[in-house]
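Just so you know, all these numbers are worked out from the coordinates, no wet-lab data involved. Worth saying up front: this structure is predicted, and the values here are computed from it rather than measured. Reconstructed Cβ throughout: ideal geometry from the backbone, glycine too, with neighbour counts over all protein chains shown.
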Amino acid sequence: MWSLHKAIGGAHFLAVTLTLAGLHPAAGAAPSGAVDVASSPQVLQWTACPNIPDTECAGLDVPVDPARPDGEHFALRLGRAAAKDPAQRKGVLLIIPGGPGVGIDGMFGQLRSQFRIDDLRRWYDVVSFDPRGIGQSSPIRCAPDAVPPAFEPIGHPSLAEFRALAGANAAFFQSCFAATGELMAHLSAMDTVADIERIRQALSPNDGLVAYAGSYGSAYAAAYLERTGDHVKALVLDGVVDHSVDLPTLIARFVLSVNDAFDRFAQWCDQDSACPLHGRNVGTVFDAVAATTPKIRTAVAKFMAAGRDPRQGWPAIAQMLAQVSAGDTSALEKLTHAASPGGTAEDPWIVAGAKALPSGVLCADFGPQRDYEALTAAGAAVALRAPRFAWRFWATEAGVGDCVGWPSEATNPPHRLQVGSHPNVMVANGTHDPPTPLINALAVWLQIPEARLLIADVDGHQSLPFSRCAFEAQLRFLVDPTSVSTTTLCPD
Amino acid sequence: MPHRALVPVALVLVALFAFARGTPAAVAQSGAPPPLQWAPCDDIPAVECAGIEVPVDHARPDGATFTLRLGRLPNTDPAQKRGSLLIIPGGPGPGIKIILVDYGSALKVDELRRYFDVVSFDPRGIERSNPLRCAPELVPPVIAPFDRPPTREEFEAVTRANAAFYRNCFELTGDLMHYLSAMDTAGDIERIRQALGQNDGLVASGGSYGSGYGAAYLEGFGDRVKTLVLDGILDHSVDLATVISRNDLSVQASFDRFARWCAREPACALHGRDVGAAYDAAVAAAPFVRKLVAQFLAGGNDPESGWSLIARMLAEVVAGDTATLDELTRIGSLASRDEDPQVRAGKNAIIPGVFCSDSGPQRDYAALLDAGATVARLAPRFAWKFWVATPLELSSAGVLMCAGWPHEARNPPHRLPAGGSYPNVMVANPTYDPPTPLSNAVSVWLQIPEARLLIADADGHQSLVVSRCAFDAHLRFLLDPASTPPVTLCPD
């Protein structure tokens, strides 16, 4: 277990893939590097990416509104880590990023080793992209002075607080629509699906899609399956989002799962003397620290996604709690900073836009959250079972708060998948995945007839980074979907 | 024949038939039930029996009653005793003798007895609990076509023959025949709980169709459950044609796994040969080989009872030797040995009696033809199972057994009602369970909030039978549900 995790992740492990867990990766890199827009989407001009070592970038022209291919276009930025050995090359593997908010800066930068990109390169040209509105794919722009403060209520928000949030969010979103234009209304998973299909046509026109989709990427991939299922050759969904339920249900599952993860973390501390809080009551320490330093709650909820990873997971969380408990907040500051959105972009409008992007995608897919009464009931049910993290239900940055004040209806509302038989799809998940609990994966698996199922008994978000067994099975599956049995269980 | 070869018999009995559950009418709370009078069973060596009076119709507790027979293997270690454990029989068909004796070693009853009085019962309509009675001369003949769907004329002929038979059973059996659904048995289970003095809640384990009774109990009496394990699960949220289709597809998948095992395992009697071709040749020589193969696949790859036995039978039949075939035919027979010819004939009605009460009559020939065609495409060697009309003779449930059923479903398919929280319920299944595929268990697990999930990576029916790890986890859970994590994966 531990040796496995040594292989994982650099210092920025946490800037992971899930806005669902509230982790906005560094968005919007230097805007100076204008994307070279190819005149024809079929001919890609790969050149070294300015800011990402060992990676090539190219631009692909796509319509803002897939339903109007002759309308306004923009350049979608692709990234590629080309296959190392042409003799062993199996083709193109598309990594569909999660978040929403992750792009190639993340996939080929901070997350590169965690997602084993350079292992995958032994067989594939590994390609990823900045999804629309992200990074250098026409990044969303919003008024910097309209960015609302993070909404992280201590308890259950009052109606007045709820309305204040709706007002602040609405004003912020309005500024994004005004500054970004039409793209702001085309951020749903269904819109990204059209981009993925254009990528496939450009990269492997005569072959089906071979892709790995983690976290929110699994929602894009599931939508692709619905829209263009017969173009799939092999597809892995990992750390799965279930779009058959409404946003309060999805968020409630996430919060309960974070709570479970915290309990497992506390249990580990009890049992393992390597835990800096060993011998102390972890829950009590957390509660005391949270009372004086509320942002510890946010950090702990986020970092649970890193599982047992020594640098960002349980040991680091325990260390941080111990330090803050002793009055030292330096580790907390450092980690909070590493995980904050906005990243390195210089344009303050793009920095602000990165804060709106997750809402833009989530609310297009799940719709605005207006019903205070219904949310109150759902929030109370969460509070009953996960009192320590119940506030997370209401919060922004992966809570229902993200879509409070969203000005339009869902363009791709929740629904069960309508897809045919797909033995060439694998649904994968860890048993203890805080942002995307196993329940999501099993629900989605049941919606895809004949799909393969992989469950890895690990802590952390997405099975591939945390389980060597899962990675190997997924790779075998991508190379030959028929080589993997209906169900794969990975003991670690 | 070695003792272990007995396992598949009961296995299959408990196996091939789906279950159901319902919304039981509230069972009137009787006062303190009279103490049970345990005495040696007159027909089952080494087991104690007792009878309780239960209403034929739980909605009319003051109406007609009958005697439900309980069986018990007393606790063997008083120092560790935790009370009673009720094993809810599957089938439908098995009762005390099969569960506690014939199937006792597979269910590891001796290990359970160290902690519990292990109790089971003859479910209503079975053995000594008011067995169904029918006229022997009206038992419908085996006419299921094996190589094609039935014609409309054949469908109608089966419907007429079944209707005449079932009407006669209603007449000879009396009122009880109207009350055979899972919700009726759930009412009996509540009476058993009261009689056993499980005052702090039901402690029970239900496998195969017994999981359906267990789920129906949960639906009707969820607040009286202390600890409940459901294993080898069928899903009453879907209609009969879907239940049967999933079963057939799963048997086909198991056959394919069996064939792959033969290809790599020198100990397989068909090693080095084309298993599919051997099967086809054996079936051509002895048509009932197909029934035994489907039935004994439920034994998984147990060295003495599952795949190796099937391979031996096929190899022998192809070579003109019927020794193993005859032995498996004898072991696999589900027929009653009761001396009363009407009770013997009644055994043919119990499977349809329960199934059709739970799933309703099958009247729509065109819809069945469609569903059957899908099965034939995906599971060509087992498409015949879909159409089975005579489950007792063919050891397999099929849709035609409910053609001609004279009443509407008493407990029609439905999802378990949402709400509640059941960390004291465990849903367990092997990854490759021929009669009850994992998808059933996952579907049911998603219907029971907070339920524990156990998946054992094993072939065969019911995880506690085919996986030591699963049995150990079951036992731990029964002794202390709070000790069990939300998800348990057993590597074998």
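Using every pair of separate Cα atoms, the Kirkwood estimate puts the hydrodynamic radius of region A:137-214 at 15.8 angstrom. Applied to region A:202-213, the Karplus parametrisation 6.51 cos²θ - 1.76 cosθ + 1.60 on θ = phi - 60° returns per-residue 3J(HN,Hα) values of 6, 9, 9, x, 9, 10, x, 6, 10, 8, 10, 10 Hz, with x for Gly and Pro. May I ask for log10 I(q)/I(0) of region A:187-272 at q = 0.11, 0.24 Å⁻¹, from a Debye sum over the Cα atoms as equal point scatterers with solvent left out? Values returned for q = 0.11, 0.24 Å⁻¹ are -0.43, -1.13. Phi-derived couplings, Karplus 6.51 cos²θ - 1.76 cosθ + 1.60 at θ = phi - 60°, listed residue by residue for region B:455-467: 10, 10, 7, 8, 9, x, 8, 6, 5, 5, 7, 9, 9 Hz, with x used for Gly and Pro. Label zone of B:R377 (point 7 Å out along Cα→Cβ, amide N under 14 Å): in region A:439-476 this covers A:449-450.
Let me know the mean shielding of A:113-121 by other chains, meaning the per-residue number of their Cβ atoms within 10 Å of its Cβ. Could the numbers behind the result be given before it?
On the way: counts 0, 0, 0, 0, 0, 0, 0, 0, 0.
That average works out to 0.
Between amide H atoms placed 1.01 Å from N, distances below 5 Å from B:G51 occur with B:Q37, B:L70, all of them 5 or more places distant or on a separate chain. In this simple spin-label model, placing a label point 7 Å from the Cα along the Cα-to-Cβ direction at both B:A482 and B:A163 gives a separation of 5.8 nm.
Extension gain A:D54-A:S330, at 0.36 nm per residue separation less the Cα-Cα distance, in nm? Don't skip to the answer; put the middle values down first.
On the way: separation 276, 0.36 × 276 = 99.36 nm, distance 3.29 nm.
Additional length available on full extension: 96.1 nm.
Can you give me the pair-distance distribution of region A:118-271, C-alpha pairs, 10 Å bins, whole percents? Bin by bin from 0 Å, the calculated values are 9, 25, 30, 24, 11, 1.
In peptide A:453-459, how many Cβ atoms from other protein chains are near each Cβ within 10 Å, on average? Present the calculation step by step, with values, prior to reporting the outcome.
Values: counts 5, 0, 6, 1, 7, 0, 0.
Neighbouring Cβ atoms belonging to other protein chains average 3 per residue here.
Calculated translational diffusion coefficient of the protein assembly as shown (10 °C, 1.306 mPa s; Stokes-Einstein with Kirkwood radius over alpha-carbon pairs) equals 53 µm²/s.
Strictly over 31 Å apart at the Cα level, which of B:K97/B:K226; B:K226/B:K347; B:K97/B:K385; B:K108/B:K347; A:K233/A:K355; B:K108/B:K291 would you flag in this model? Please report the intermediate quantities before stating the final value.
Values: B:K97/B:K226 26 Å; B:K226/B:K347 33 Å; B:K97/B:K385 27 Å; B:K108/B:K347 27 Å; A:K233/A:K355 35 Å; B:K108/B:K291 27 Å.
Long pairs (Cα-Cα over 31 Å): B:K226/B:K347; A:K233/A:K355.
What the Cβ-Cβ distance of A:Q267 and B:E153 gives, at R0 = 56 Å and to the nearest 0.05, is a FRET efficiency of 0.30. Look at where the Cα atoms of region A:335-406 and of region B:147-194 average out, and the two centres are 54 Å apart.
Based solely on its DSSP helices, what 222 nm [θ] is calculated for the protein assembly as shown when runs of n ≥ 4 H residues each add -39,500 (n - 2.57) and the sum is averaged over all residues, nearest 500 deg cm²/dmol? It would help to have the intermediate numbers written out before the result.
Working: 33 runs with 384 residues, N = 984.
For the protein assembly as shown, the value works out to -12000 deg cm²/dmol.
Determine, from the Cβ-Cβ distance of B:A135 and B:D364 and an R0 of 22 Å, the FRET efficiency 1/(1 + (r/R0)^6), rounded to the nearest 0.05.
Details: r = 29 Å, r/R0 = 1.30.
Once rounded, the FRET efficiency stands at 0.15.
For region B:265-325 and region A:273-302, compute the distance between their C-alpha centroids and round to whole Å. Computed from Cα coordinates, the inter-centre distance equals 60 Å. For region A:123-165, the Cβ-based charge dipole about the Cα centre amounts to some 160 debye (Lys, Arg positive; Asp, Glu negative; other atoms uncharged). With the Kirkwood sum run over all distinct C-alpha pairs, region B:76-150 has a hydrodynamic radius of 15.1 Å. Taking only the alpha carbons of chain A, we obtain Rg and Dmax values of 21.0, 65 Å in that order. Full extension of the chain between B:A281 and B:D492 yields a length gain of 72.7 nm, computed as 0.36 nm times the residue separation minus the alpha carbon distance. Of all DSSP bridge pairs formed entirely within chain B, close to 35 percent run antiparallel. Extents of region B:285-396, largest first, come to 43, 42, 26 Å (Cα atoms, principal axes, whole angstrom).
Once the convex hull of the alpha carbons of chain B is built, what does its volume come to per residue, in cubic angstrom? Present the calculation step by step, with values, prior to reporting the outcome.
Details: hull volume 64.9 nm³, N = 492.
With only Cα atoms used, chain B gives 132 Å³ per residue.
Amide H contacts under 5 Å for A:C490: A:I455, A:A456, A:D457, restricted to partners 5 or more places along the chain or on a different chain, H placed in the peptide plane at 1.01 Å from N. Mind listing the phi-derived Karplus ³J(HN,Hα) values for region B:379-395, rounded to whole Hz, using 6.51, -1.76 and 1.60 with θ = phi - 60°, and x for any glycine or proline? Once rounded to whole Hz, the list reads 9, x, 6, 10, 5, 4, 4, 4, 8, 3, 10, 10, x, 5, 6, 9, 6. Cα centroids of region A:96-171 and region A:444-489: how far apart, whole angstrom? So the two Cα centres are separated by 25 Å.
Determine the percent antiparallel among the DSSP beta bridges restricted to chain A, to the nearest 5. Could you put the intermediate results ahead of the total?
Working: 14 of 43 bridges.
In chain A, DSSP labels about 35 percent of beta bridges as antiparallel.
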